[in-house]
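Colleague: Quick one: structure below, then a few questions.
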Amino acid sequence: MRFSAVVLAGGRSRRMGRDKAGLPVEGHLSALHRQLALLASLRPRELFVSCRPEQRLPAVPRTIDGRPPHRIHDSGTNGPLAGIAAALAACRTDFLLVLGVDLVRMTPHVLRRIVGAADATRCIGAAPRVDGEIEPLASVLPVTLATDAAARLVAGERGLRAFLAAAAEAAHVRWWDVPAYDAHAFANWNERADRVPPLRASG
């Protein structure tokens, strides 16, 4: 399946006290470096970083076919849905793999399973659920959702879980129920004291 990918890095990290994207994690210069390496291991056709215009992100290596990830900007006031809407509008493939910069326990194995749960033939994406709760920051979305994402922002609706629930209701997205042994991959990195395991590309 041909897909693009985006790291959502535009959050203000209020609980952390400083920008999570630039903080080092075990084995990586920063959380952003980790997530870009993770996505690059899945070989997306193009790679984006969603961030605020004024945000100072760490320099990143050239990760896709010798090209650096393309930065797309949002205001930072409309939450992750704004970054997703911008990436959906920018990508040139049929699907967008979304990954939050603070899901630093995510593994290649779990992301591959999410991608595998999508249906490329019928252009249906996939979104994980842990114990019945939608986990929106690691999902595969069809680009057909670009219009709905933009319309919700115009209407002042920023809820990402509501966006995905509506997409599932309209059969644009299917649910992937996460096995208990993979649930740890969806834990948010909220405190610097949280232990972050190193990324294993073959995981």
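Colleague: GNM on the chain, C-alpha springs below 10 Å: top fluctuator among 186, 48, 163?
Modeller: So, out of 186, 48, 163, the one fluctuating most is 163.
Colleague: Pull out a ≥ b ≥ c, the square roots of the eigenvalues of the alpha-carbon gyration tensor of the range 109-183, then state rounded if a/c is under 1.5, prolate if not and a/b is larger than b/c, and oblate in the remaining case. The partial results should precede the final answer.
Modeller: On the way: a/c = 2.35, a/b = 1.46, b/c = 1.61.
Oblate shape, in that a/c is at least 1.5 and b/c is the bigger or equal ratio.
Colleague: Neighbouring Cβ atoms within 10 Å as the yardstick, rank 32, 145 fewest first. Can you show the working numbers first?
Modeller: Working: 32 25, 145 22.
Going from least to most buried by this count: 145, 32.
Colleague: Placing +1 on the Cβ of each Lys and Arg and -1 on the Cβ of each Asp and Glu in the range 1-149, which of 132, 73, 86 has its Cα farthest towards the positive end of the resulting dipole?
Modeller: Highest projection toward the positive end goes to 73.
Colleague: Rounded, prolate or oblate: which one fits the range 148-187, using the alpha carbon gyration tensor with axes a ≥ b ≥ c (rounded when a/c is under 1.5, else prolate when a/b beats b/c, else oblate)? Write out the running numbers ahead of the final one.
Modeller: Details: a/c = 4.54, a/b = 1.93, b/c = 2.36.
It comes out oblate by the Cα gyration axes.
Colleague: Taking springs between alpha-carbon atoms closer than 10 angstrom, which of 144, 93, 121 fluctuates most in the Gaussian network model of the chain?
Modeller: Maximum among the listed residues: 121.
Colleague: For the chain, just list the percent of Cα-Cα distances falling in each 10 Å bin from zero outward, please.
Modeller: 9, 39, 40, 12, 0
Colleague: Now a separate question. Would you compute, for the Cα atoms of the range 82-139, the largest minus smallest coordinate along each principal axis and list the three values in descending order, in whole Å?
Modeller: 30, 26, 21
Colleague: While we're on this one: I'd like the antiparallel share, as a percent to the nearest 5, of DSSP beta bridges with both residues in the chain. Write out the running numbers ahead of the final one.
Modeller: On the way: 11 of 29 bridges.
Taking every DSSP beta bridge within the chain, about 40 percent pair in antiparallel fashion.
Colleague: Another question about this same structure. For the range 18-100, report the % of Cα-Cα distances exceeding 14 Å. All intermediate terms of the calculation are to be shown ahead of the outcome.
Modeller: Details: 2138 of 3403 pairs.
Value for the range 18-100: 63 percent of Cα pairs lie more than 14 Å apart.
Colleague: Could you state the number of Å between the C-alpha centres of the range 64-108 and the range 140-187?
Modeller: 14 Å
Colleague: Put +1 on the Cβ of each Lys and Arg and -1 on the Cβ of each Asp and Glu in the chain; which of 147, 168, 41 then has its Cα farthest toward the positive end of the dipole?
Modeller: Towards the positive end, the residue furthest out is 41.
Colleague: Semi-axes of the range 31-150's equivalent ellipsoid from the Cα gyration tensor, sqrt of 5 times each eigenvalue, largest first, rounded to whole Å? Each step should come with its number before you reach the end.
Modeller: Values: eigenvalues 85, 59, 47 Å².
Semi-axes (√(5λ), whole Å): 21, 17, 15.
Every number in this text was worked out from the coordinates using simple rules, so none of it is lab data. The model shown is predicted, which means the values in this text are computed figures rather than measured ones. Backbone-built Cβ (ideal geometry, glycine too); neighbour counts: all protein chains shown.
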